[in-house]
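Worksheet for the structure shown next.
Rule-based calculations on the coordinates, nothing more; no lab input. All figures in this text were calculated on a predicted structure; none of them were measured in a lab. As a convention, Cβ positions derive from the backbone with ideal geometry for all residues, glycine included, and neighbour counts pool all protein chains shown.
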Amino acid sequence: MAAKTERTFIAIKPDGVQRGLIGDIVKRFEQKGFRLVAMKFLQASEDLLKQHYIDLKDRPFYPGLVKYMSSGPVAAMVWEGLNVVKTGRVMLGETNPADSKPGTIRGDFCIEVGRLALYRSVHDQSDSRHHCGLSNPTSLYSPGWSNANKSDLSYRPKCHINQSGKKEEHHPWQ
């Protein structure tokens, strides 16, 4: 089967944000060749989290999960690339950090099942409830991304500061 460009949702949970892991995690995805198409730093409300985790509402850990996820800010991201869903799953590692191999994000940064530092959507990329509002381009703050066409998240670089300190505009067709 041929590789296809797809999108996946990844959230760095409150403990990952508190521990300063955002840069390390973003770097790994960028080094793999994936493109960050949206990112939002937010304090998730309990209402948003209850909607987001609706499929887990009957599980015994659900109330604690909602409380934990609302305990601090999260970094919600949408990544794009060839086979990003499958490759992202491998990069993150197993749900139980003890079962995760060194070199995976959970294997390197996580020690407790309840504090995984990361959440990955297990749903199809079109399931927008797993994007914490990132599927709506008007809700984005992402430098270099245009909201001109609300249905298109096409890359629109705005400017670049060259080595002499001069601001230059760049466009994807140049």
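Details
- Extension gain, Arg19 back to Gln51 (0.36 nm per residue minus Cα-Cα distance, nm): 8.9 nm
- In segment 31-112, the chymotrypsin sites (Phe, Trp or Tyr not before Pro) that fall in loop regions by DSSP, at most 14 other Cβ within 10 Å: Phe61
- Above-threshold pairs, the threshold being 25 Å between Cα atoms, out of Lys4/Lys27; Lys50/Lys101; Lys13/Lys50; Lys40/Lys86; Lys27/Lys57: Lys50/Lys101; Lys27/Lys57
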